[in-house]
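Data block below; observations after.
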Amino acid sequence: MEKCRICDRAVTEESLCRYHSIAKRNTVNAYRLWKEALGISWKDYLVSLQKCPGCGVWVREASNHLLREGYRYEEKV
Amino acid sequence: MSIRQAWELDLWMSATAVRRAFIIAEKPTAARRIAEALDRRGSPKKVKGRAFEYYVSEGEGEEILVCPALGHLYTLVDLRGDKSLCPSFVTKWVSRDRAERGSQRIRAWIQEITQLSKRADQFINACDYDIEGSLIGSTILKYACSEKDKTAARMRFSTLTKADILLAYKNMASGTDDSLVEAGLARHEVDFLYGINLSRLLTTSQKRLSGRYSTISAGRVQSPTLGFVMQRDEEVNSFVPIPHFEIDAAFKVGEETVAASYQKQKIQKLSEANRIVSECENSRGIVKEIKEGTVTRSPPYPFDIGSLQRAAYTLFNVSPTRSMGILERLYLDALISYPRTGSQKLPSTIDVESKLKDLASIPKYSELAKELVENRCFRPRQGVKEDPAHPAVYPTGVKPDGMLSKEEGMIYDLIVRRFFATLAPPARMKSVRVKIGVGLHFFTMSGLSAMEMGWIRFYRPYAQITERFLPGLKLGQEIGLVKVGVVTRYSSPAPAYSSAGLLGEMERKEIGTNATRTGIIETIGRRRYVKGDPMSATPLGWSVGTLLERHFPRIMSVEMTRDLEHQMNGIEGGKIWRVEVLINSTELLMSMLDEARQHEAAIGRELLETTRRTRLEEMALGKCPICKTGELTVLRSKKTKKRFVGCSNYWTGRCRASAPLPQRGKVAPVGVACGSCGWPRIKVLSKGRRPWMICVNPMCPLKKNSKIQGNGGVIDVGEMQDM
């Protein structure tokens, strides 16, 4: 069984488990609103999420994973 | 019952040529209250039996024997007895001592009831008037009293006051409440079949693979309830806060500084917020508009059980399980009406005036109660929800004997003041909104002051008006803007469910009953599927819930549970037969089991992985402060069998950190690293002792004098073996 790159759960899509996939999707989707609001870069956004109050645990883990992996937002749009 | 007591009873029964009535009450306290109410002198004869105390009351030309039950004395079992048999659909009602460990006293209890009921002429079920109460009385009358359930009469009351009991005795209906009993039987049978079959399938599928037995439970109401917690957890854990901006402003009016809000509450872009601030800075405001109005706040509805439990949680932090216990005691003390009600209405048959007059004798409520009587406020505000069996919760007017605990006192006070509030007039407030122009922008100041406090005065301290007074302003007046700035705010997720919030969600989604919801929440906590309050699903809860969603999607579905609830409510209303509901639910269950059987091996594998991971997670104490990547875990020495802490990176040869542990008691991680050395702190739980918190590092500077010094805390890592 292939394990999630972030936790121990089984992979459902793109090397992540169901929950971290949802968190990653939400993270990527919310960037447009953050960019509009604050005009910040993708990397700064991911760093900001780490300290942002109310940010979900899986989102923090997913954004940390995206940072480490060097995931580039623009390429995916 | 001793021989002498049996002889005395026999003598009493044969000596009296009067009618002999036998009443079964749900609890010992209820039996005492019923006996006292029905005895002509108010002091029934108390007889100490072998298993319990019962009462003999002297009525008008009759002797009444009042016997207590102890809640359910009978329960369902699988007729075939084999606990690994799945599917199993043959059930039987047996006395609880035959089904549950530690219920031996039930046997003596039932034997005594059987003995006492032998000479009675009339049988009466006086258990609580609801599904569970009717079923408790009916099963006792059927199995312990030679099938007297069909001929017994039914007493229906909503309070344990003398007046209500006498009225219920006088007007008791002949024949038990068949529809309630049938609904109760169906509910128990359906829940039992779902519970044992699903749990057995899960447990055996895992046991087949591992050879180990560990109970994994699922249930008709329990599983969707776990689903609610998981769903909310998912929302919270995958929530990305979105920033927005607010303009924080204040004006100087005379000597006062008054806060004002910008015309647009949420501004999406920081650049726009900054532009507004820069355009307003160093400007003065002009009063453009003053609007005054009246706000009316209606009194609250009377309490149904759900709203009462939620209020107790919000105001006193008393969990629904605890508040249910407290309400039960207040009811048995005849201080309040029956609490497990879904009604928010107080019918006109309740003599509100006499209740108020009785409450006026309690010094604390005297003034408020007298005021309501003087103003003839006897018509309560009625709520929306109805319950055909009982009215909303209200105080009976019986004076508490001063023995109430702190929590009992608080909840009783809440009920009394809520009762007053429902009778009181609405509250009226004056609102003022002042619009201030600053260049092209507008700000608003708002004020609120009480004109008539109405019901709020009666419901204090549980309700209050926060008054905001604005200084006198005139149209066109110029005022100074003393502060204007941007505040960044973030959207926040829906909060995790508190036990009271989860109770509300179950009510909204119509799963479970007033009597069972609290127990279900307790069960998912006891099964370690959820933890904390506010609640979150544990790793075990997540794993079991995810597995159920995948292989038994219908058991997790609210629709299926609600549909079955509606069918069972239909039995109560006489719209559908119990057998029909049983057939429908059994067919549904069988189809679920058939589907799941095709994936039994996969279910077993997943569960095995789940329990293994849960065990590891339970043993994990925290990050290793030495290698910074491994996890410190509770391990056991192969040689000495003693437990100790070791790093998970030991097996890869990257870290050799280890430390000894106390050998007695249960060890649980605290989740916080030691402030001095960074090693994890643990909680040691021993029976009969207070929990004990320590840092696992024996060399921690904070515990130089600790007893756990050993050989410097270093264990021969060669001995390490996974538990």
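Observations, loosely collected:
- Against chain A, whose longest principal axis comes from its Cα atoms, helix A:18-38 is set at around 10 degrees.
- Three principal axis lengths of chain B [C-alpha, angstrom, descending]: 101, 84, 58
- Amide H within-cut-off set for B:SER637, under 5 Å, with H built and near neighbours excluded: B:LYS642, B:ARG643, B:PHE644
- Just so you know, the Rg over Rh for the protein assembly as shown is 1.03, from Cα atoms, with Rh as the Kirkwood radius.
- A simple rule links phi to the HN-Hα coupling: the Karplus curve 6.51 cos²θ - 1.76 cosθ + 1.60 with θ = phi - 60°, which for the range B:136-151 gives 4, x, 5, 5, 5, 5, 6, 8, 9, 10, 6, 6, 8, 5, 7, 9 Hz, with x for Gly and Pro.
- Going from the fewest other Cβ atoms within 10 Å to the most, the residues B:VAL558, B:VAL581, B:VAL352 appear in the order B:VAL558, B:VAL352, B:VAL581.
- Proximity of backbone amide H atoms, modeled 1.01 Å from N, is registered between A:ARG9 and A:CYS4 at under 5 Å, excluding neighbours fewer than 5 places apart on the same chain.
- Considering only B:ALA260, B:LEU470, B:SER84, the residue lying farthest towards the positive end of the dipole of the protein assembly as shown is B:SER84, judged by Cα position with unit charges set on Cβ.
- Furthest towards positive pole of dipole, B:GLY665, B:ALA144, B:VAL277, structure part the protein assembly as shown, Cβ charges: B:GLY665
- The range B:476-563, dipole about Cα centre (Lys/Arg Cβ +1, Asp/Glu Cβ -1), debye to the nearest 20: 320 debye
- Distribution of pairwise C-alpha distances over the range A:18-76, 10 Å bins, in %: 24, 63, 13, 0
- Helix-only CD estimate at 222 nm, as mean residue ellipticity for chain B, using -39500 (n - 2.57) per DSSP H run (n ≥ 4): -12000 deg cm²/dmol
- Magnitude of the charge dipole, the range B:41-93, Cβ model with Lys/Arg +1 and Asp/Glu -1, debye to 20: 300 debye
- Measuring nothing but how far apart in sequence close Cα pairs (under 8 Å, 6+ apart) lie, relative to its length, chain B scores a relative contact order of 12 percent.
- Ranked packing of B:242-255, B:465-478, B:36-49, most packed first, by mean Cβ within 10 Å: B:242-255, B:36-49, B:465-478
- Dipole moment magnitude, nearest 20 debye, chain B about Cα centre, only Lys, Arg, Asp, Glu C-beta charged: 2840 debye
- Cross-link partners of B:LYS531 among lysines (Cα-Cα below 27 Å; sequence separation of 8 or more within a chain): A:LYS3, A:LYS24, A:LYS51, B:LYS207, B:LYS406, B:LYS509, B:LYS623, B:LYS666, B:LYS683, B:LYS687
- Per-selection metrics, the range B:408-510 (Cα): Rg and Dmax in Å: 20.9, 58
- Fewest-first sequence of B:VAL484, B:VAL434 by Cβ atoms within 10 Å of each Cβ: B:VAL484, B:VAL434
- With neighbours defined as other Cβ atoms within 10 Å of a residue's Cβ, the residues B:SER686, B:SER179 order from fewest to most as B:SER686, B:SER179.
- Averaging 1/r over every pair of different alpha carbons in the range B:387-447 and inverting the result gives a Kirkwood radius of 16.3 Å.
- A cut-off of 5 Å between modelled amide H atoms, ignoring neighbours fewer than 5 places along the same chain, links B:ILE242 with B:SER491.
- Listed peptides B:298-311, B:668-681 by packing density, highest first (mean Cβ within 10 Å): B:298-311, B:668-681
- Positive-end ranking of B:PRO320, B:MET410, B:ALA360 along the dipole of the range B:305-423, with charges on Cβ about the Cα centre, is headed by B:PRO320.
- Extent along principal axes [Cα atoms of the range B:3-176; Å; largest to smallest]: 57, 37, 25
- Once you divide the Cα radius of gyration of the range B:34-123 by 2.2 N^0.38 Å, the number left is 1.45.
- Volume of the Cα convex hull of the range B:582-624, divided per residue and given in Å³: 89 Å³
All of the numbers you see were taken from the coordinates with simple rules; none came from a lab. Since the structure is predicted, the reported quantities are computational estimates derived from the model, not experimental observations. Cβ: placed from backbone, ideal geometry, glycine included. Neighbour counts: every protein chain shown.
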